[in-house]
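Asker: Starting off with a structure, shown below.
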Amino acid sequence: MTKLVTLIKGDGIGPEITDAVKKVFAAAQVPVEWEEENAGETTLETVGELIPGSLLNSIKKNKIALKGPITTPVGKGFKSVNVQLRQAFNLYQNIRPCVSTEGVASRFSNVNLCIFRENTEGLYAGLEYMDERLQIADSISRVSWEGCYNIVKGAFEYAHKMGCKKVTLVHKANILKNAGKLLLKAGDEISKQYPDIKYEDKIVDNMCMQLVIKPEQFDVIVTTNLFGDILSDLCAGLVGGLGVVAGANVGDEIAIFEAVHGTAPDIAGQGKANPTALLRSAIMMLHHMELHDHARNIENAINETLLHKDQCTGDLGGSASTTEFTDFVIEKLKK
Ligand code: NAI
């Protein structure tokens, strides 16, 4: 039976990479029908809304969405649509696997980790104040026990399900003592429920150094919203860059799948974007929908394609366009 999925094209490279996913899904005969909606500057111009009601209703109804990146103005303008969507549907887990792939050049060949980033609280809670007269700005990091508990529990559950050996909790509790205390308390409490999984905590600055020296020592990483955001791009750099790293925003009922990267304005509209990250996010979506065979078929085709550097996009050292890469993936699909 065909399932309806909300598709948000986004902007920047969003339309190019979402088109690639649509083409691959059609060629692989995935039983998914897209309900297309959008958000951000695009819909602000066309329908006068940053997040149209029709998009919210579509996600509420379908419970699953695939999302291209959406621009957020830097230092001014509207609040991130991405953050608003995560908060609106309480998608408290941001799950970002970073795995070395054969053929994808990187300093390391043995990275296999997954980041669990808290996705609705912390410095992204939206509590910001500016005293224009005194020129003082406050950005408040609000963390709740429930938020800490849920993200740590999610990380351990994932580690348990996937047979991972270790969970590393990353914090800055030496300075941010209160928020750190709650997260560490969640780590201490929940780790006792999983005696077979090794548990450790690390201060975020040390974690950055450890990751760039010996990333293979990490398995599941659980952390706050801001640290998770930063560590995600760092870890993307360990496995070939932002063009290949997928992600999922998951709540109890609804999930929105999207790549780690943004709208890549420097290459948008030029046919240079690597669609792998969004395709891999779509593969995570297919597993979530229990369409495992389709997920594996597309994953194998991507992995085969990545072995051919000449068929890859510029970020991976090749010279293929988004369309050429996509067509090669389609050729490699098992029909
Ligand atoms: P970015 O992730 O868009 O780009 C960083 C670098 O990676 C650029 O050099 C870009 O060309 C490259 N890159 C990213 N994705 C690529 C792909 N698929 N193929 C090849 N190269 C790729 O980060 P940046 O420039 O900091 O942000 C641009 C905009 O994206 C901002 O407005 C930001 O707020 C937004 N953004 C949106 C996200 C979302 O929708 N979830 C996530 C991150 C940023």
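Asker: Antiparallel versus total DSSP beta bridges in the chain: what percent is that, nearest 5?
Answerer: Just about 40 percent of them are antiparallel.
Asker: Treat every Asp and Glu Cβ in the chain as -1 and every Lys and Arg Cβ as +1, leave all other atoms uncharged, and give the resulting dipole magnitude about the Cα centre to the nearest 20 debye.
Answerer: It works out to roughly 740 debye.
Asker: Separate question: Residues with beta-carbon under 13 Å from that of Thr322, excluding Thr322: net charge, scoring Lys, Arg +1 and Asp, Glu -1? Working shown, then result.
Answerer: Values: positive: Lys22, Lys23, Lys272; negative: Glu16, Asp19, Asp315, Glu324, Asp327.
Local net charge: -2.
Asker: Moving to a separate point now. Reachable lysines from Lys9, Cα under 24 Å, same-chain residues fewer than 8 places away excluded?
Answerer: Reachable lysines: Lys22, Lys23, Lys60, Lys61, Lys63, Lys67, Lys76, Lys79, Lys272.
Asker: Could you pull the Cα extents of the range 1-110 along its three principal axes, largest to smallest, in whole Å?
Answerer: 46, 43, 27
Asker: Another question about this same structure. Where in the range 252-314 are there trypsin sites (Lys or Arg not before Pro) that are in a DSSP coil and have at most 13 other Cβ atoms within 10 angstrom of their Cβ?
Answerer: none
Asker: Carbon and sulfur atoms: what percent of the 1.4 Å accessible area of the chain do they account for?
Answerer: The computed percentage sits at 52.
Asker: Further question: Could you provide, to the nearest whole Å², the per residue accessible area of the chain with probe 1.4 Å?
Answerer: 47 Å²
Asker: Work out the length of the dipole vector of the range 1-150 about its Cα centre, built from +1 on the beta-carbon of each Lys and Arg and -1 on the beta-carbon of each Asp and Glu, and round it to the nearest 20 debye.
Answerer: 440 debye
Asker: Please list, by residue number, every one of the GluC sites (Glu not before Pro) in the range 98-135 that is coil in DSSP and has at most 10 other beta-carbon atoms within 10 Å. Don't jump to the answer; show the numbers that get you there.
Answerer: Working: sites: Glu102, Glu118, Glu121, Glu128, Glu132; in loops: Glu102, Glu121, Glu132.
Counting only loop positions with at most 10 other Cβ atoms within 10 Å, the GluC sites (Glu not before Pro) in the range 98-135 are Glu102, Glu132.
Asker: Ok, one more. Please give me, ordered by residue number, the GluC sites (Glu not before Pro) of the range 258-319 that lie in loop per DSSP and have at most 10 other Cβ atoms within 10 Å. The partial results should precede the final answer.
Answerer: Values: sites: Glu258, Glu290, Glu299, Glu304; in loops: Glu290.
Filter output for the range 258-319: Glu290.
Asker: Sticking with this one: Work out which helices of the chain, taken as complete DSSP H runs, extend at least 15 Å along their axis over the Cα atoms and score a mean Kyte-Doolittle of -0.5 or more, then list them.
Answerer: Membrane-span-like by this rule: 14-27, 145-162, 177-191, 225-238, 276-288, 322-332.
Asker: Using a cut-off of 11 Å between beta-carbons, work out the net charge of the residues near Gly12 (Lys and Arg +1, Asp and Glu -1, Gly12 not included).
Answerer: Numbers: positive: Lys9; negative: Asp11, Glu16, Glu41, Asp266.
Here the count lands on -3.
Asker: Let me ask something else about it. For Lys166, give me every one of the lysines with a C-alpha distance below 27 angstrom, ignoring sequence neighbours fewer than eight places off in its own chain.
Answerer: Cα-Cα hits under 27 Å: Lys153, Lys177, Lys181, Lys185, Lys192, Lys198, Lys202, Lys214.
Asker: Moving on. Could the peptides 140-153, 200-213 be put in order, highest first, of the mean number of other beta-carbon atoms found within 10 Å of their residues?
Answerer: On the way: 140-153: 18.6, 200-213: 15.3.
Averaged packing, sorted descending, gives the order 140-153, 200-213.
Asker: Let me ask something else about it. Could you sort the peptides 7-14, 110-117, 229-236, 261-268 by per-residue average Cβ neighbour count (10 Å cutoff), highest mean leading?
Answerer: Those peptides, ordered most packed to least, come out 7-14, 110-117, 229-236, 261-268.
Asker: DSSP beta bridges in the range 101-254, what fraction antiparallel, as a percent rounded to 5?
Answerer: In the range 101-254, approximately 30 percent of DSSP beta bridges are antiparallel ones.
The values are calculated or read from the model by the stated rules, or taken from the named source; none is laboratory data. Predicted, not measured: the structure shown is a model, and the values here were computed from it. All Cβ positions, glycine included, derive from the backbone under ideal geometry; neighbour counts span all protein chains shown. Side chains are part of the model used for accessible areas, which takes the heavy atoms of the whole protein and leaves out ligands, DNA and RNA. Shrake-Rupley method; radii C 1.70, N 1.55, O 1.52, S 1.80 Å.
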